[in-house]
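S.K.: Starting off with a structure, shown below.
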């Protein structure tokens, strides 16, 4: 009987040690997603600013400027496209790690009566503590994310490229047409990105709900 009690105590100690390690790993991973997002954002903005400075130097020669813009703008757009896709990924990964931390904190609250105070949901982060809804709902939340910021800048880069291309094709006499095509391209690309980001977050939310439902049903079956 004593051996059984000792074995149970050792298993509980090992479980708590593993749980604390998992909590630390999730916190580190969540911080890593923020660091990666900041690094990728800085890389894109630095590349864009350097390219704009270089384009300013070659702007004195219209022919050289067109060739340089034709080479640099597509490269910037592709870099921005990869950056926005990865920023959406890091945002979803960050939410996944925060959900894991919330589950561990939920177990901490069951340890002692005092733990309910120190690990209360109100003192935690999302998704435990419900953050106040932003103005005008989820749309503003999506528009103010890091991925949306880079996507907006990248859409303007693409629109600029379309404007320059259209101006070269139709001539300077139809500058309004070229500007209209550039603005249209910017709006279309930004709309496509917002739809993509919204779908990715919805899929991640649905997967998290299915995972939570499975985790709740399995203990009941046992």
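S.K.: Is it true that some residue in the range 71-78 is in contact with a helix residue (DSSP H, G or I) (Cβ under 9 Å, 6 or more places away or on another chain), free of Cβ contacts under 8 Å to residues at least 40 places away in the same chain and closer than 20 Å to residue 169 by Cβ? Full working, then the answer.
M.R.: Residues of the range 71-78 in contact with a helix residue (DSSP H, G or I) (Cβ under 9 Å, 6 or more places away or on another chain): 72-77.
Those left that are additionally free of Cβ contacts under 8 Å to residues at least 40 places away in the same chain: 72, 75.
With the extra rule that they be closer than 20 Å to residue 169 by Cβ, the set shrinks to 72.
Looking for residues that are in contact with a helix residue (DSSP H, G or I) (Cβ under 9 Å, 6 or more places away or on another chain), free of Cβ contacts under 8 Å to residues at least 40 places away in the same chain and closer than 20 Å to residue 169 by Cβ, one finds at least one in the range 71-78, hence yes.
S.K.: Would you check if residue 64 is modelled with pLDDT of 90 or more and in a helix (DSSP H, G or I)?
M.R.: On the way: modelled with pLDDT of 90 or more: no; in a helix (DSSP H, G or I): yes.
No.
S.K.: Surrounded by 12 or more Cβ atoms within 10 Å (Cβ to Cβ) and more than 30 Å from residue 153 (Cβ to Cβ): is that true of residue 16 in this structure? Explain how you work it out, then say what you get.
M.R.: On the way: surrounded by 12 or more Cβ atoms within 10 Å (Cβ to Cβ): yes; more than 30 Å from residue 153 (Cβ to Cβ): yes.
Here the answer is yes, as residue 16 does meet what is asked.
S.K.: Give 77, 68 a once-over and let me know the one that is surrounded by 15 or more Cβ atoms within 10 Å (Cβ to Cβ) and over 26 Å from the mean Cα position of the chain (by Cα).
M.R.: On the way: 77 fails: over 26 Å from the mean Cα position of the chain (by Cα).
Going through 77, 68 in turn, just one is surrounded by 15 or more Cβ atoms within 10 Å (Cβ to Cβ) and over 26 Å from the mean Cα position of the chain (by Cα): 68.
S.K.: Among the numbered conditions (1) assigned to a helix (DSSP H, G or I); (2) surrounded by 13 or more Cβ atoms within 10 Å (Cβ to Cβ), tell me where residue 53 comes up short.
M.R.: Among (1) assigned to a helix (DSSP H, G or I); (2) surrounded by 13 or more Cβ atoms within 10 Å (Cβ to Cβ), residue 53 violates only (2).
S.K.: Also: Can you pull out the residues in the range 25-50 that are touching a helix residue (DSSP H, G or I) at 6+ places or on another chain (Cβ under 7 Å) and over 19 Å from residue 100 (Cβ atoms)?
M.R.: The answer is 40, 41, 44, 47, 48.
The values are calculated or read from the model by the stated rules, or taken from the named source; none is laboratory data. This structure is a prediction, so every number in the text was calculated from the model and none was measured. When we count neighbours, we look across all protein chains shown, and the Cβ atoms used for this are built from the backbone with ideal geometry, even at glycine.
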